[in-house]
Structure formats: structure tokens, C-alpha cells
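Okay, structure first, notes after.
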Amino acid sequence: MKWLVVALLTLAVGTLAKVNVYTVTAPWTYVCDSSNSSVGGHYVGARCVKTENGDDSTAVSLGACKLTCGEFGLVWPQPESMVHAQQLVNFLPQDVRFVSITGGDAVTNMVNKFAEIFQEYLFKKSPQYEYYKVDPFSGKPFISDSRIDISVTVTDEDVSLVHGTDESYTLEIERAAKSGSQDHLSVKVTAKTYYGARHGLETLSQMIAYDDNTDTLMIYKSAKVVDKPAFPHRGVLVDTARNYMSVAVIKEIISGMSYDKLNVFHWHITDTHSFPFWSQSIPQLPMYGAYSPRKVYTPQNIAEIVDYARVRGVRVLPEFDAPAHVGNGWQYGEKEGLGKLAVCVNQEPWQQYCVEPPCGQFNIVNDNLYPELGKLYKDFYDLFQSDMFHMGGDEINLNCWNTSTEIRSYLESQGKVGTEDDLLELWDQFQFRAGEEVYKAWGSRPPLILWTSRLTEKGEVDKFLNKEDYIIQIWTGGDDPVVSELINKGYRVIFSNSDAWYLDCGYSSWVGEGNNWCSPYKGWQIVYENSPRAMYRNQGGNSENEDLILGGEAAMWSEQVDGAAVMHKLWPRLSALAERLWTDPSSGWKQAEIRMVGHREDLVDRGIGADALQPLWCNQNEGLCYVSKA
């Protein structure tokens, strides 16, 4: 079996380069152990066992074994149901054709765009892949007599992507006909929406593997998948305000999300540190707030990102965090005759006025603030066209307000002294007025999302926030009793509990020595085991309320990461999040480990800089990298 070919270039002075080709023959084959047994007391399920084989003609490649060994093969996240044949068909990318697209012009346009992406998926499976849209299989000695026809049927012509869009799909691979030795497969993807069909094609791409014995691709001779997500909201928050990330990096993140069927890119686009959002209505904001003129997201940038994401089944959810987490950018107010729009901006010593440097909070008693917010919200709506809006609302420092001249003067004019209740009342008034500006900008009443905060503490939330208007995103620990209280009171929630889904944890502190505040590092196993429904049930939750759990997001706050490192800090841990939110499996990480290690290899093949989980030996010797219970 010719397993590896290495070309060495020998240069001699005054002569042409000579190429010496060496072949290395590997004596291995892979056999599926489907006994669902344990190794050293560690349950591993079906696994591929590497064994010596003396007959090259019967050798089974690792890719072929991984496809056929186990119920779900290489598909990630685990689908709701999947059956597949043990027989595989070898083919080349040029044998694949999209022969039928049903669903209207808008759907056809979207599917055609994704068909190009799908073709690139096939190219990237080859170890020889180097260049975009250049087929690495061209000119191969394999003579293909296969044909794979893909038909896509979508019943809803609407291609808008909103919360609750139907993402279910059915995928069938059948033997269509046989003429002589030709294998003719028919692949049918059926879905209500384009986004379900896109997920079906994503699954199809993972039902295909590279065969290093023949230098071709392989697909099941027959298979059927019926699938839908367990949660409608499956996302990741990325902060591009502490450290700027380029449009190219954001696109790379969205591509990675699409491979895992994550559907919400929560964009924390501004903060006290910088204001890189180019507001057409208030250009002074990026002028004063951006790190540099080159570190700005223009309307064209945002439109490009939103369109790029939509084709890949991802919606972009903007967050404009307020009334804290604002500062740089808002200094223009006094120069424009609007008074101070923000207080405590860059104030020192920062520990007294904010959670982290630099400080800044809105001057919520300045009436000029609210029309400015209305302009900004309209810019957000026009660019993102989101059906939700994230208003932030976390980490208010009451001392900042209580020591600012403007707010102290206002409180005294109202006969108040600045108690906690006085300041919470002001905050509540801000939330109401700002919310009204959002509604005017949208021309409707979109759901507003807020982080858990002083307004949502035990026994407090219904004093301040209407459950019909607000969705609460939980960032406190999963054992926080406010979790069950919020759900029991009828609030919709999104889980991002920091003890499992904050992916910026586990590094050194950036404001001193020691570890950062949310250490230790959250490994993929912790991410995988973090079940929102289980957390609610553990607090005595009522199963009838579980529909109020919309899903979850991992969070990548960017104090200690930028575009140079963000991909390997996100992946493959985001893949663990994806399976938890798509499937919500009753089994744990140990049953998923073999598939996870294999999926990480697929991510790398697609160009995602996913962190290594184990030595490559573990991927080739499944189930043997464990810690014994003995």
C-alpha cells in the first residue's frame, strides 16, 4: 500500500534540479470494534482498531473505518437519527453535481452560493489541497466511474434568518442506478427552509471522507439522516472592542461556526476601550473612540459580514452594551453642546469607578443622551436587520454615578441622597427610555437582551424588567439560584454561565500577577457537560418551563486575545458547545471523545486553527488515550 510519497529536491550547482521520489509502504489496516466495550474501565463505544495487514488489496484506511464504525460516523454535531450502509463508494469531486433545486428564486440563489462552498469542502479533504478553488484531485490516476447527483427541496421561499427559523432537514443517499460498473448515487436534501437545507448539506459533507489508500473520496452507498436542533439559539459572543479583529478573522470565525451548525454570532462591537463601529449618524463616535482609522468597521464591512454569515446559516446579533461599558468615543458631547454624555471616562483610580480599566458610564440624567442613542440604534437596525437587540446592561458601578457632579446634582434636585435604591431607580428609568428608542428605531418591539446584573438579582427582576420585553443572558455560575427563579417567573433565558462557557478563562491576569478572574481554563469536556436543561432541573425546575431556555452562547471576551490567536482559543471547544446545543445528548463527553478528536482533524483540514486535543497517535489508535479508573 503506497501510504506516503515524499519528494526531495536536490540542487546542484550548474545543473537542473533533480527530484527524487521515495515511497513509504505502511502495513496497517483498520478494523471496527463495534462491541461498545470499555478499555481499561473507560467506555469508548465503537472504535477503529489499528492492526497489521499483509494484503494491500484488502486494507481499510482510517477514513473508511471512521465513516462506517459507529452510528454517526464522522458527523458532528451528532444528528437526531442516522442510519448508514457499511459499503462505501469512491469518487472524485468532479463526480458531484447539483441537479435539482426547488424552492423559488431566492432559495435557488442561496443554494447555488452554498454549492460553491460545498465544492471547496471536497477539495479541502485532500492532503494536497493548497489553493482556493483549485482541485487537488485533478490529474489523479484514479479513473472514476461514479456519479453523485444532489437534489435540494425547500418548501418555504422565505430566506430571512430569525430566532426560531426552522432548521430541520432530512438527508437520504440512495443507489439510483447501475450501468455496468458505474455507481450512481442520488442524494436528496429536504427541508422547510434554506437554512435547514444548508445544515443538511453540511452533514453531507461530513459523510464524505478522504481515502489515503486510493487518493479519492468516499461516501456511503446508502444512508438516511433526520435531524433538527434541540435549541434555537446556539452561538458565540466575540468581543472586538477590547482588541480589534479584522473582517477576515470574523469571517473565519463564522465559517467555523457553520461547520458546527452554530447559528448566532453575538457581536460585542463596542466598549469603554474603543468604539470601532462606524456610525453614519454620529461619525464622531469612531473618530474619538476607534483605536485608529484602520481599526473601524464600516457599513460596507458589516453588510459583507452579515451576508457572508447568512449564506452559512449564521445570524449576526449586535450588542451595544450600556449604560456601563461606554466611554471612549463619547467625549464629543460637550464639544457639540450636548453636555457630558458619559461620566467617569478614563477616571482613576479605576478600581473605584469600574470593573476594569478604562472606566466610563452613561450620564443617564442627561436628556440629550437619548436622541443620540436613537440615532445610533437606527444605524444598528439598518445595518444588521436583526430581529433581536442586545442592550448589555452588566457591571454597573454605582459609585461612578454617585460621585459624578451631574448625577449628584440631579439627585439633590429630586430631594434624594444617592442610596442604592435611588441609583437603581435611575438605572431602571434609563432602561425604559433607551428601550423606547430601540422600538422607535426598529419600528416594532424586538426582544431586548440583558445580561444578569443587579437588576436581575434574586427577588428583584420583576421589579425592573418586563418578561414580555426582555430575554436574560446568564453569565453567573450555573448553580446560581437566580437561574431557576428567572425561568420559573416566565423569563426567557440564554445560558453563558462563566463556570463553563467563558472561553477567555484560564490565562494570567492582565491587570497584575496570578490568574485571571474566571480561571481555571475550561476544557472541551467541561463545555460539553454543561447542559442548560440539566442545570435547571438540578434546581428543581419544572419541565414545562424548559421551552423558556432558548439555548446558549460561549463567550470570548478579548482582553487577552485578538485575531492572531482567537481561532485556537475558540476551537475545538466551540464544537463541544455545538453538540450540546444541537443535540443535548444524554450521554457525556467520554462517549463523544473519539468523534471529537476526529472532528478536530476535519476542522484543521478546513483551515480552522483548532487547538490540538491529543497526540495524533490517539486519533489513529482510538480509545487508548485514557486514565484508568483503577
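Listed values, structure above:
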item	result
Scope segment 263-276; condition of a type outside the set (S, T, N, Q) and either out of contact with any Ser or Thr (no Cβ under 7 Å at 6 or more places or on another chain) or in contact (Cβ under 8 Å) with a residue 40 or more places away in the chain (or both); matching residues	264, 265, 266, 267, 268, 269, 271, 273, 275
Test: residue in segment 521-533 that is crowded, with 21+ Cβ neighbours inside 10 Å, part of a strand (DSSP E or B) and of a type in the set (A, V, I, L, M, F, W, C)	no
Extreme residue, nearest to residue 82 (Cα to Cα), among residues of segment 206-236 that are of a type in the set (Val, Ile, Thr) and open to solvent by less than 10 Å² (accessible area, probe 1.4 Å)	225
Search result, residues across segment 209-227 that are over 11 Å from residue 90 (Cβ atoms) and of a type in the set (Ser, Thr, Tyr)	220, 222
Residue ranges of helices (runs of 4 or more DSSP H) in segment 416-509 with at least 2 members surrounded by 16 or more Cβ atoms within 10 Å (Cβ to Cβ) and among the small types (Gly, Ala, Ser)	420-442, 498-501
Number of positions in segment 351-376 that are in a loop (DSSP other than H, G, I, E, B) and either over 30 Å from the mean Cα position of the chain (by Cα) or more than 21 Å from residue 395 (Cβ to Cβ) (or both)	7
Residues located in segment 534-555, provided they are hydroxyl-bearing (Ser, Thr, Tyr) and either in contact with a Gly (Cβ under 9 Å, 6 or more places away or on another chain) or surrounded by fewer than 22 Cβ atoms within 10 Å (Cβ to Cβ) (or both)	543
Filter result for the condition that a residue is crowded, with 23+ Cβ neighbours inside 10 Å, acidic (Asp, Glu) and in contact with a strand residue (DSSP E or B) (Cβ under 8 Å, 6 or more places away or on another chain), over 145, 239	239
Filtered residues of segment 467-503 (kept if over 20 Å from residue 540 (Cα atoms) and over 25 Å from the mean Cα position of the chain (by Cα))	467, 468, 469
Lone qualifier among 514, 477, 523 - being in contact with a helix residue (DSSP H, G or I) (Cβ under 7 Å, 6 or more places away or on another chain) and free of Cβ contacts under 8 Å to residues at least 60 places away in the same chain	477
Qualifying residue in segment 245-262 (condition: surrounded by fewer than 19 Cβ atoms within 10 Å (Cβ to Cβ) and farther than 30 Å from residue 329 by Cα)	yes
Test: residue in segment 589-607 that is more than 16 Å from the chain's Cα centre (by Cα), surrounded by fewer than 22 Cβ atoms within 10 Å (Cβ to Cβ), of a type in the set (D, E, K, R) and within 19 Å of residue 521 (Cβ to Cβ)	no
In segment 206-249, residue nearest to residue 599 (Cα to Cα) [restricted to those that are assigned to a loop (DSSP other than H, G, I, E, B) and of a type in the set (A, V, I, L, M, F, W, C)]	207
Members of segment 73-110 that are crowded, with 22+ Cβ neighbours inside 10 Å and aromatic (Phe, Trp, Tyr)	76, 91
Residue match in segment 300-307 (condition: acidic (Asp, Glu) and under 17 Å from residue 377 (Cβ atoms))	no
Members of segment 113-142 that are surrounded by 14 or more Cβ atoms within 10 Å (Cβ to Cβ) and under 23 Å from the mean Cα position of the chain (by Cα)	113, 114, 115, 117, 118, 119, 120, 121, 122, 124, 125
Test: residue in segment 401-409 that is farther than 21 Å from residue 271 by Cα and of a type in the set (A, V, I, L, M)	yes
Odd one out for residue 274 among (1) within 30 Å of residue 547 (Cα to Cα); (2) surrounded by 23 or more Cβ atoms within 10 Å (Cβ to Cβ); (3) small (Gly, Ala, Ser)	(1)
Residues of segment 61-72 classified as assigned to a loop (DSSP other than H, G, I, E, B) and open to solvent by 10 Å² or more (accessible area, probe 1.4 Å), total	4
Selected residue (only one of 203, 165, 190 is in a strand (DSSP E or B), modelled with pLDDT of 95 or more, β-branched (Val, Ile, Thr) and buried (at least 17 other Cβ atoms within 10 Å of the Cβ))	190
Any hit, segment 379-398, residues being crowded, with 16+ Cβ neighbours inside 10 Å, over 28 Å from the mean Cα position of the chain (by Cα) and not in a helix (DSSP H, G or I)	yes
Residues satisfying the stated conditions in segment 556-572, i.e. open to solvent by less than 30 Å² (accessible area, probe 1.4 Å), within 23 Å of residue 355 (Cα to Cα) and assigned to a loop (DSSP other than H, G, I, E, B)	557, 558, 561
Neighbours by Cβ (under 9 Å, 6+ apart or cross-chain): first from segment 234-253, within 18 Å of residue 504 (Cβ to Cβ); second of a type in the set (S, T, N, Q) and assigned to a strand (DSSP E or B)	237/473
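Listed here are the residues, each with its yes/no results for (1) within 28 Å of residue 74 (Cα to Cα); (2) among the basic types (Lys, Arg).
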{"position": "191", "(1), (2)": "yes, no"}
{"position": "200", "(1), (2)": "yes, no"}
{"position": "204", "(1), (2)": "yes, no"}
{"position": "213", "(1), (2)": "yes, no"}
{"position": "224", "(1), (2)": "yes, yes"}
{"position": "229", "(1), (2)": "yes, no"}
{"position": "244", "(1), (2)": "no, no"}
{"position": "259", "(1), (2)": "yes, no"}
{"position": "283", "(1), (2)": "no, no"}
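Rundown of residues vs (1) hydroxyl-bearing (Ser, Thr, Tyr); (2) part of a helix (DSSP H, G or I); (3) open to solvent by 10 Å² or more (accessible area, probe 1.4 Å), yes/no style:
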site	(1), (2), (3)
281	yes, no, yes
286	no, yes, no
295	no, no, yes
304	no, yes, yes
313	no, no, no
317	no, no, no
328	no, no, yes
337	no, no, yes
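Here's the yes/no breakdown for (1) within 26 Å of residue 167 (Cα to Cα); (2) touching a residue at least 12 places away in the same chain (Cβ under 8 Å); (3) outside any loop (DSSP other than H, G, I, E, B); (4) not hydroxyl-bearing (Ser, Thr, Tyr):
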position	(1), (2), (3), (4)
580	yes, yes, yes, yes
584	yes, yes, no, yes
590	no, yes, yes, yes
595	yes, yes, yes, yes
599	yes, yes, yes, yes
603	yes, yes, yes, yes
608	yes, yes, no, yes
613	no, yes, no, yes
617	no, no, yes, yes
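The values are calculated or read from the model by the stated rules, or taken from the named source; none is laboratory data. Please read these numbers as outputs of a predicted model, since none were measured by experiment. Quick reminder, even Gly has a Cβ in these numbers, built from the backbone with ideal geometry, and neighbours come from all protein chains shown. Heavy atoms of the whole protein, side chains included, go into the accessibility calculation; ligands, DNA and RNA do not. Shrake-Rupley method; radii C 1.70, N 1.55, O 1.52, S 1.80 Å.
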